[in-house]
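First up is the structure itself, then whatever we jot down about it.
Any read-out appearing in this document is the output of simple, stated calculations on the displayed coordinates, not a laboratory observation. Note that this is a predicted model, so its numbers are computed, not measured. Here the Cβ positions follow ideal geometry from the backbone for every residue, glycine too, while neighbour counts run over all protein chains shown.
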Amino acid sequence: MKSKYREVTDPSKRLSQKDTKRIRNVVLSIIVLSFSVLCLQLFNLQIVSGEKYRAMSENNYLRITPIPAPRGDIIDCKGNILATSRPTFTVFYWYLDEAKAEETLPRLSEILDMELEQIEKKVQQYAGRYYQPIPIAKDISPEIYIRIAEDAPNLPGVFIEPQPIRYYPQGSLMSTTLGYVGEISQSQLADAQWADYKIGDILGQEGLEAYYEKVLRGKDGGYQVEVDYRGRPTGSDLGPGTEPQPGKTVQLEIDCDLQRAVENALLEALEKSETAKSAAAVVLDVKTGGVKAIGSVPGFDGNMLISGISAQELDEKISSDEWRFANLAITGLYTPGSAFKVVTAVAALAEGKTTESEMFFDPGYHPMVPSLVCHRRGGHGYVNIVDALAVSCNTYFYEMGRRLGVDAIAKYGRVMGLGAKTGIDLFGENYGTLPTTEWKEKAYAEGRVAQPQFLLSEHMMAGMGQVFHLYTPIQMASVVQCIANDGVRMKPRLAAKILDSDYNVIEEIEPEISAVLDVGPDVLDTVREGMLKVTSDPRGTAYWVFYNVPFEVAGKTGTAQNPLGEDHAWFIGFAPFDEPEIALAVVVDQGGSGSTVAGPVAREIFESYMMLKYPPQVEVEVEPDQTREEH
Amino acid sequence: MQAKPVGLPSIRIDKKAIQRIDFWLLGAVIVLEILSLPLIDSATHGVDGHYYLKRQAVMVVVSFVALLIGMFVDYRDLIRLSPWIFAGSILLLALLPFIGKTVGGATRWISLKVFDLQPSELHKVVTIVFTAWLLSSKDRYYDSIWDIIPAYAWTLIPVGLILKQPDLGTAISIIVIVTEVVYFSGAPGKLILTLAGIGLLALLIVFGLYWYAGMPLPIEEHWIDRIVSAFNPEKDPLGLGYQVLQSKIAIGSGGLWGKGLGQGTQNRLDFIPEQHTDFIFSVVGEELGFIGTIGVIALYALILYRCLCIALDSPDSEGMLITGGILTMFLFQVVVNAGMTMGIMPVTGIPLPFLSYGANALIVNSFCVGLVLNVSWKRHKILF
């Protein structure tokens, strides 16, 4: 069969061999070149950058939804809970699309009784991160929970998840020491030490919550969620994820009941006083330095703070002195006044500037600087060091100040814990001021005092705790603890043990010696005797406060002149006298007289301690239960 | 010389000829078309009871019919009738704005109930045949640029109509096809380069006037953004560059061995728009990996190489021009499509031959393969 087109195929119309070869080469090179480019790019994407793109693809579809770990508890020595985590429910919103949001959000705002704008603002903050659930309302009431659950079909994207929230079962008790938690701030996020925190994470902001942040914080768990291109979970099962690890519990030396007694006593003192606005007290275990109670009133309500308080309300509470955030026990600086005399006494005896047998005549003023008068007009007559402490004779201690000089006093003061951080496990402790001649020169250079030299009168006044001295209550408590513990000063510490979430002991925090006061045994005996006489000698400044307590208390009152207002009322002391167990320092800011204001507070604390430690053995007749008897 | 027979193209079947079919070419096409089935099913996640898979399967069958028609119709009849076909195709393109269906701002389709006809896709093969007619009836010697200008001049009408749809990719591919047909007809490269230079100059003048004198462009502005974004997807990951970036992530994350059919997360979770049509190559890359993708590219290379051999061995200039045009069409589509999914070509709506979901391209491409086999078969025939 012949093709009808055979003739049409005219060889003259066909290309020459040369042309064919040329076309072949050109077209072939175009094919080879362009396919080489394709293969090269494929190699580049899949082999050279394969890992990068694999990571990017995982980043595309894998989301980690965290399961928050409950924060560790803070408990007292008896196991009473001071801070814990309370399960709450948080309303989350998962942004699906604009149309759904327009329907859902107004409905949600109605149920939650929240401004729509406020909700929209929260949603907008997550723009570009819509794979993350957006917390809309925290700690919702059961009514809202039910309403949302019932209305679920009309609320696409809305869901409720349990979220632990910080809770302080004892209310405002010990609030200034416990501190509080809050969402990590922008500046904290930038801090390298919080590198593993992310926006919205809870961080201990103050007090023990801040100091033991790394212990208390648990490790969030999480599960992976597969999402599609719009960030919506596909529901694919990607395994169980990781369980959250709850934070560790911190057990304190604090005794909750004593703490409550301390705070009540302080609050009572504030109530009685017209001028006092704040007060603080520290109770230390004499042997270990453990903090049995630490009070700074007024405090605040951590629960209110965490569940959300408006800035206006907060302002009101602070300006009306109802709330105070400062922990005065470690940050408050007060002139110690006569309470300081115990330090001068130790120094004078240890330096051999006086003995117990030396009788010194007090005419009511110091003969060398007659303007320095004693608080008793006619003077105390002949006093030795024990009597001088008991009656708080100013003239005697002016004389000791003169004999010792401020530097010799400071030498002992430093060992007893003054003018330096005591090392208590809290942030923000103040140094205070332990004056020395060197200190004054420096202060002069900085323009804080009028002359560089320490004047004679200043040396003398330094002996009885006026001028330049500024100490925190915890430092003064350390002084007493040191004296009561035969010169061994312990580092004050709040935490005794670290426990796991089931309260099994993981770590015991051993007591630490901060310093040892190297003086003869007689020195401290003599000073302690003087302190005992303060409460037991009818001439003692606090005799009338303590004369009828059933145990022996050693103490020292202080009524410190405050250039800014009323006198600060001090009481420092320890009890029982023979086998000292606790040492305390009480200060009532602008409370007035040490013996009338601080003394009763101290008495109440001592009594509470004794009552708790040695409960009265009284038989209580329990009325039989009526309902049970019927059976 | 016999008078040219008049009438419809005759279909003649020669049993011996079947053995002379270029099985390398046919085999490569069959492998690709069969591979398209699981790929499209994977890209559409088997939704609606494997709707897309079923449709594609039907289309593969139809495309084989088209291939057979292309094989057994005498291509010289087609060329003879090409002015009429060309006129008809232009009529269809011209009618499109009135009877066409608009999807995504482009009027490219005529709804025919069972499927949507895409005249511009058809016009590619029409261009090949018509240009072959235009050039094969001419003298073989090219003295000046005026000898090849008519081929372009005729084509400007459909290109203008296609640009109006708008469909930049197809318009460019038609110009490229014409150029290659002109080259296969023996025109010296110099002449073509000169013409390309003139074209480029004209483009520069048009854009120059647009930027400096504010003259309106004959194309729409978003194409410029498209072209820019195709080369730099990371710059605007959520806007224009999104598709290309997601496609690059898909291909890159496939690695050496791929994630396995149906296992690609980029594909499965719909990160890549148009993953079953224009971006099917990203599914290939993600799920079959470097090894599989190189395999697919090799199949295309094989097709192109066979086309080139057949074109150069063609018994007549018509066969050579047709095969050359078809070769160019495939080359252009593969390079531009694969290139765009890998971010080295601008995003234009050009499907990947034999793999992308879509009836028009698949049927037209298969018909073209049929024509090429037709030419190769004639070539063998005259050897006897």
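Can you list the aspartates and glutamates whose alpha carbon is less than 14 Å from that of A:Lys78, not counting same-chain residues fewer than 8 positions off?
A:Glu253, A:Asp255, A:Asp257
Taking each residue of B:76-89 in turn, how many C-beta atoms of other protein chains fall within 10 Å of its C-beta, and what is the average?
For peptide B:76-89, the averaged partner shielding equals 1.
Can you tell which of A:Ser141, A:Gln124, A:Leu267 lies farthest toward the positive end of the dipole of the protein assembly as shown, using +1 and -1 charges on the Cβ of basic and acidic side chains (Lys, Arg; Asp, Glu)?
Going by the Cα projections, it comes out as A:Gln124.
Using Cα atoms only, what is the angle between the long axis of helix A:394-404 and the major principal axis of chain A, expressed in degrees (0 to 90) to the nearest 10?
Orientation of helix A:394-404: about 70 degrees from the principal axis.
Between B:Tyr51 and B:Val65, what is 0.36 nm times their sequence separation minus the Cα-Cα distance? Round to one decimal in nm.
On the way: separation 14, 0.36 × 14 = 5.04 nm, distance 2.15 nm.
Taking B:Tyr51 through B:Val65 to full extension adds about 2.9 nm, to one decimal.
Pairs to check: B:Lys54/B:Lys101; B:Lys101/B:Lys259; A:Lys52/A:Lys214; A:Lys100/B:Lys259. Give those whose C-alpha atoms are more than 30 Å from each other in this structure.
B:Lys101/B:Lys259; A:Lys52/A:Lys214; A:Lys100/B:Lys259
Report the FRET efficiency, 1/(1 + (r/R0)^6), for A:Ala149 and A:Ile199, where r is their Cβ-Cβ distance and R0 is 35 Å, rounded to 0.05.
The pair A:Ala149/A:Ile199 has a calculated efficiency of 0.80.
Place +1 on the Cβ of every Lys and Arg and -1 on the Cβ of every Asp and Glu in the protein assembly as shown, take the dipole about the Cα centre, and give the residue among A:Gln561, B:Thr102, B:Val65 whose Cα lies farthest towards its positive end.
Going by the charge dipole, the pick is B:Val65.
Give the average over all directions of the projected area of the C-alpha convex hull of segment A:63-252, one decimal, in nm².
12.3 nm²
Normalise the Cα radius of gyration of the protein assembly as shown by 2.2 N^0.38 Å (N = residues in it) and let me know the number.
1.56
Looking at segment A:77-186, which GluC sites (Glu not before Pro) are in a loop (DSSP not H, G, I, E or B) and have at most 10 other Cβ atoms within 10 Å?
Filter output for segment A:77-186: A:Glu115.
Once the dipole of chain A is set up with Lys and Arg at +1 and Asp and Glu at -1 on Cβ about the Cα centre, which of A:Ser34, A:Met304, A:Gln46 lies farthest towards its positive end?
Comparing the listed Cα positions along the dipole, A:Ser34 ranks first.
Can you tell me the order of B:19-28, B:242-251, A:503-512 when each peptide is scored by its average per-residue count of other Cβ atoms within 10 angstrom, highest first?
Output ranking for B:19-28, B:242-251, A:503-512: B:242-251, B:19-28, A:503-512.
Using a cut-off of 13 Å between beta-carbons, work out the net charge of the residues near A:Lys440 (Lys and Arg +1, Asp and Glu -1, A:Lys440 not included).
It works out to a net charge of -3.
So what are the radius of gyration and Dmax for the Cα set of segment A:318-379, in Å?
Computed over the Cα atoms of segment A:318-379, radius of gyration and Dmax are 18.6, 54 Å.
From zero up to wherever the largest Cα-Cα distance of segment A:92-200 sits, split into 10 Å bins and tell me the percent of pairs in each.
12, 35, 30, 19, 4, 0
Quantify how strongly other chains surround peptide A:24-37 by giving the mean number of their Cβ atoms within 10 Å of each of its Cβ atoms.
Taking the mean over all residues of the peptide, I get 5.
Please give the average number of partner chain Cβ atoms lying within 10 Å of the Cβ of each residue in B:251-262, rounded to a whole number.
5
Sorted by average packing, counted as other Cβ atoms within 10 angstrom per residue and highest first, what order do A:73-81, A:351-359 take?
Highest-to-lowest ranking by the protection proxy: A:73-81, A:351-359.
Using Stokes-Einstein with the Kirkwood hydrodynamic radius over Cα pairs, what translational diffusion coefficient do you get for segment A:479-548 at 4 °C and a viscosity of 1.567 mPa s, in µm²/s rounded to a whole number?
So the translational diffusion coefficient is about 87 µm²/s.
What do you get for trypsin sites (Lys or Arg not before Pro) in segment A:360-445 restricted to DSSP loop and a cutoff of at most 10 other Cβ within 10 Å of the site's Cβ?
Of the trypsin sites (Lys or Arg not before Pro), the ones in loops of segment A:360-445 whose Cβ has at most 10 other Cβ atoms within 10 Å are A:Arg377.
Principal axis extents for segment B:21-383, Cα atoms only, whole Å, descending order, please.
59, 57, 40
Starting from the amide H of B:Lys101, placed 1.01 Å from N in the peptide plane, find each other amide H under 5 Å away whose residue is 5 or more places distant or on another chain.
B:Arg108, B:Trp109, B:Ile110, B:Ser111
Can you list which of the chymotrypsin sites (Phe, Trp or Tyr not before Pro) found in segment B:53-155 are DSSP loop residues with at most 12 other C-beta atoms within 10 Å? Spell out each step's value before the answer.
Values: sites: B:Phe64, B:Phe72, B:Tyr75, B:Trp84, B:Phe86, B:Phe98, B:Trp109, B:Phe115, B:Phe130, B:Trp133, B:Tyr141, B:Tyr142, B:Trp146, B:Tyr152, B:Trp154; in loops: B:Phe115, B:Tyr141, B:Tyr142.
Listed in order of number, the matching sites are B:Tyr141.
Ignoring everything except DSSP H segments at least 4 long, calculate the 222 nm mean residue ellipticity for chain A; use -39,500 (n - 2.57) per segment, divide by total residues, nearest 500.
Only helices count here, giving -10500 deg cm²/dmol.
What residues have an amide H closer than 5 Å to that of A:Val158, excluding those fewer than 5 places away on the same chain, when H is modeled at 1.01 Å from N in the peptide plane?
Residues meeting the amide H criterion: A:Trp94.
Counting DSSP beta bridges in the protein assembly as shown, what percent are antiparallel, to the nearest 5?
95 percent
To the nearest 20 Debye, how big is the dipole of segment A:63-252 about its Cα centre, given +1 on the beta carbon of each Lys and Arg and -1 on that of each Asp and Glu?
Dipole about the Cα centre, nearest 20: 600 debye.
At a 10 angstrom cut-off on C-beta neighbours, averaged per residue, how do the peptides A:49-57, B:169-177, B:189-197, A:479-487 rank from highest to lowest?
Sorting A:49-57, B:169-177, B:189-197, A:479-487 by mean packing, highest first, produces A:479-487, B:169-177, A:49-57, B:189-197.
Using the Kirkwood radius over Cα pairs, work out the Stokes-Einstein diffusion coefficient for segment A:499-631 at 4 °C and 1.567 mPa s, in µm²/s as a whole number.
Roughly 72 µm²/s, to the nearest whole number.
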